[in-house]
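Have a look at the structure below before the remarks.
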Amino acid sequence: MLNIGYIGNGKSTNRYHLPFVLQRENLKVKTIYQRNSNNEKWNRIEGVKYTSDLDELLKDKDIDLIVVCTGNDSHYKYAKQVLESNKHCLVEKPFMENSEQAKEIFAFAKKKGLIVQSYQNRRFDSDFLTVQKVIEDGKLGDLLEVTMHFDYFRPEEPEACTYFDAARSFLYSHACHTIDQVLSYFGKPDNIHYDVRQLLGDGRMNDYFDLDLYYGTLKVSVKSSYFRIKERPSFILYGKKGCFVKETKDRQEEHLKLFYMPENKDFGVDTLKHYGILTYVDDEGIVHEEKVKSVDGDYGRVYDDLYEAIVKGKDKTITDDEIIWQMEILETGIKGLR
């Protein structure tokens, strides 16, 4: 049994962590720390202790792992406190504010013989897992281009922000999903082209990014905007023999927002209308077009991998190098914006 505590009692903890942890018999949530008990917006969980005394959480000898679910400008401070208390640590993304902080935290954890990891749950998105299945099936032939979109139509977000803050930038808050997917599957790129903008002008929120990551002849593009009234496809893949288009995103977040939880068998599961379309030419020159059944996603797999690393001593799936590369890309992309 892995006993877990949380720093933070907001949306991140209650929407993106607890629904998956509570479904796993080898994990137990013992304590949740919240700074202000008068500002609770989520129902308390029976059997879980709630406290506004951080020391009570950090000094609890029964707790093995503490999860940091706060704003990324406090991740470094809390992660260091957790490691100093000899607890393993899982940190929401983006992991830190910059690569130097990330390197320091990873080095400190290694020195203490502890595990610290970033919560890169989007590695277990259904659309991303399906894309991997299509690539490895080989019908596309040699892969030439991958385009990934993470679009919204939320103009009120950047319009309400009248100053620039790197921690609140669209690149940091959303490219940490898609860039991690790229790095986890394709590795470190040979080079990167950055187009990171403030569509409303200087001194405003970063609300757009378009990054091209190059791997030899392969180009992987990561694009996102707050001003897309019609979302672009989640994934478009082109190979020498065909293409694959996945229009819709993973549905776990959609269901979580509706409070439709993982205990339901069809939680996050694509139906026929969500399946991607694979078009390719076979060895005889015949063109095929077929729907590809989506692979089921599961954000809780981050915890499964972490359990294997902490309890059974296996290597981490989400490596330190991948997170450092991600932080270097984010901090480079935002450089120069004011």
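The values are calculated or read from the model by the stated rules, or taken from the named source; none is laboratory data. Worth saying up front: this structure is predicted, and the values here are computed from it rather than measured. Glycine also receives a Cβ, built like all others from the backbone with ideal geometry; neighbour counts cover every protein chain displayed.
Quick notes on this one:
- Some residue of segment 6-18 being in contact with a Gly (Cβ under 7 Å, 6 or more places away or on another chain), at pLDDT 95 or above, surrounded by 18 or more Cβ atoms within 10 Å (Cβ to Cβ) and farther than 19 Å from Asn72 by Cβ: no
- Entirely in segment 21-103, the strands (runs of 3 or more DSSP E) that have 2 or more residues that are in contact with a Lys or Arg (Cβ under 7 Å, 6 or more places away or on another chain) and closer than 28 Å to Ile324 by Cα: 65-68
Residue-by-condition table, conditions (1) free of Cβ contacts under 8 Å to residues at least 24 places away in the same chain; (2) small (Gly, Ala, Ser):
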position: Asp53; (1), (2): yes, no
position: Val68; (1), (2): no, no
position: Ser74; (1), (2): yes, yes
position: Ala79; (1), (2): no, yes
position: Phe108; (1), (2): no, no
position: Lys111; (1), (2): yes, no
position: Ile115; (1), (2): no, no
position: Phe128; (1), (2): no, no
position: Asp137; (1), (2): yes, no
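- Qualifying residue in segment 200-207 (condition: over 24 Å from Phe235 (Cα atoms), surrounded by 14 or more Cβ atoms within 10 Å (Cβ to Cβ) and out of contact with any Cys (no Cβ under 6 Å at 6 or more places or on another chain)): yes
- Scope segment 139-158; condition surrounded by 12 or more Cβ atoms within 10 Å (Cβ to Cβ), assigned to a loop (DSSP other than H, G, I, E, B) and over 22 Å from the mean Cα position of the chain (by Cα); matching residues: Lys139, Leu140, Gly141, Pro155
- Scope segment 159-179; condition more than 15 Å from Met96 (Cα to Cα), surrounded by fewer than 21 Cβ atoms within 10 Å (Cβ to Cβ) and not aliphatic (A, V, I, L, M); matching residues: Glu159, Cys161, Thr162, Tyr163, Phe164
- Against the test of being touching a helix residue (DSSP H, G or I) at 6+ places or on another chain (Cβ under 9 Å), in contact (Cβ under 8 Å) with a residue 24 or more places away in the chain and in the same structural domain as Arg251 (by TED's automatic domain parsing), the options Val292, Val281 yield a single qualifying residue, Val292.
- Some residue of segment 142-160 being under 30 Å from Phe227 (Cβ atoms) and not assigned by TED's automatic domain parsing to the domain that holds Thr217: no
- Those residues of segment 297-315 which are surrounded by 17 or more Cβ atoms within 10 Å (Cβ to Cβ), out of contact with any Leu (no Cβ under 7 Å at 6 or more places or on another chain) and part of a loop (DSSP other than H, G, I, E, B), in sequence order: Asp298, Tyr299, Gly300
- Flag for Ile310 being in contact with a Phe, Trp or Tyr (Cβ under 8 Å, 6 or more places away or on another chain) and not assigned by TED's automatic domain parsing to the domain that holds Asn191: no
- Selection of first residues in segment 202-222 that are at positive phi and of second residues that are surrounded by 16 or more Cβ atoms within 10 Å (Cβ to Cβ) and among the hydrophobic types (A, V, I, L, M, F, W, C), restricted to Cβ pairs under 7 Å at least 6 apart or on distinct chains, gives the following pairs, ordered by first then second residue: Gly203/Phe164.
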